[in-house]
Amino acid sequence: MRVQRCSAERARAIMTTSAPGDDTRHIQDGDECWRLDDDASLALNLSGCLPGHAYLAWYGVARTAAGRGLGRRLLATAIKWARGEGLRSIVTYTLSANRNSNRALLKAGFEPYAPDAAWAGWEGVTYWRLELCR
Ligand SMILES: CC(C)(COP(=O)(O)OP(=O)(O)OC[C@H]1O[C@@H](n2cnc3c(N)ncnc32)[C@H](O)[C@@H]1OP(=O)(O)O)[C@@H](O)C(=O)NCCC(=O)NCCS
């Protein structure tokens, strides 16, 4: 099984199996998307960020395939791609109770941070940033 680029439409279709009921609008047309078969998908959004930065809009793995390293592989691929594009950072947020995702982001090198922005500061949310220029 190898990581492949895919359309936003395909990434959304896979998302419906990894997170049934979650809002597929997390993934927008024009996002940079990857998938691992039909078991996992990831979307990076560049249009909603300052130039040189990306927003990890979504990553998810089907429950039947969880805990086997698929999320790690997708994150590593997106990070490698972002470095190659010369991007400076990837940011995202999680529900603080989402321990699996928080752990996976930490393992991939993301660090919690406090954005100095009007949209930040929601209760129960952790904001994450991966600096790519270090
Ligand atoms: C978060 C998610 C993408 C992780 O993908 P995954 O393929 O299951 O995770 P991996 O097997 O690649 O594991 C990566 C790291 O995450 C952590 N992790 C993953 N599943 C875990 C679990 N069940 N319990 C504890 N830690 C877990 C581990 O630290 C792991 O690293 P390690 O094996 O070196 O310890 C997956 O759980 C998922 O799809 N969750 C539902 C959707 C979601 O919450 N997406 C994120 C939205 S913000």
task: From the list R25, R35, pick out the single residue that is of a type in the set (K, R) and closer than 17 Å to L74 by Cα.
output: R35
field: Those residues of segment 62-88 which are within 18 Å of W128 (Cβ to Cβ) and crowded, with 18+ Cβ neighbours inside 10 Å, in sequence order
entry: G71, L74, L75, A78, I79, A82, L87
field: Single residue of N45, N102 found to be at pLDDT 95 or above, surrounded by fewer than 18 Cβ atoms within 10 Å (Cβ to Cβ) and of a type outside the set (K, R)
entry: N102
Subset of segment 92-125 that is among the polar types (S, T, N, Q) and in a loop (DSSP other than H, G, I, E, B) - its residue that is farthest from the ligand (Cβ to nearest atom): S96
- line: Result of the Cβ filter at 7 Å on segment 80-107, keeping first residues that are over 19 Å from A54 (Cβ atoms) and partners that are surrounded by 17 or more Cβ atoms within 10 Å (Cβ to Cβ) and hydrophobic (A, V, I, L, M, F, W, C), at least 6 apart or interchain, is none
statement: Restricting segment 89-99 to residues that are polar (S, T, N, Q) and in contact with a strand residue (DSSP E or B) (Cβ under 6 Å, 6 or more places away or on another chain), the one surrounded by the fewest Cβ atoms within 10 Å (Cβ to Cβ) turns out to be S96
message: Within segment 55-73, does at least one residue satisfy the condition of being away from the ligand (no atom under 15 Å from the Cβ) and either touching a residue at least 40 places away in the same chain (Cβ under 8 Å) or out of contact with any Lys or Arg (no Cβ under 9 Å at 6 or more places or on another chain) (or both)?
response: no
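The values are calculated or read from the model by the stated rules, or taken from the named source; none is laboratory data. None of the values given here were measured: they were computed from a predicted structure. Virtual Cβ from ideal backbone geometry, glycine too; neighbours counted across all protein chains shown.
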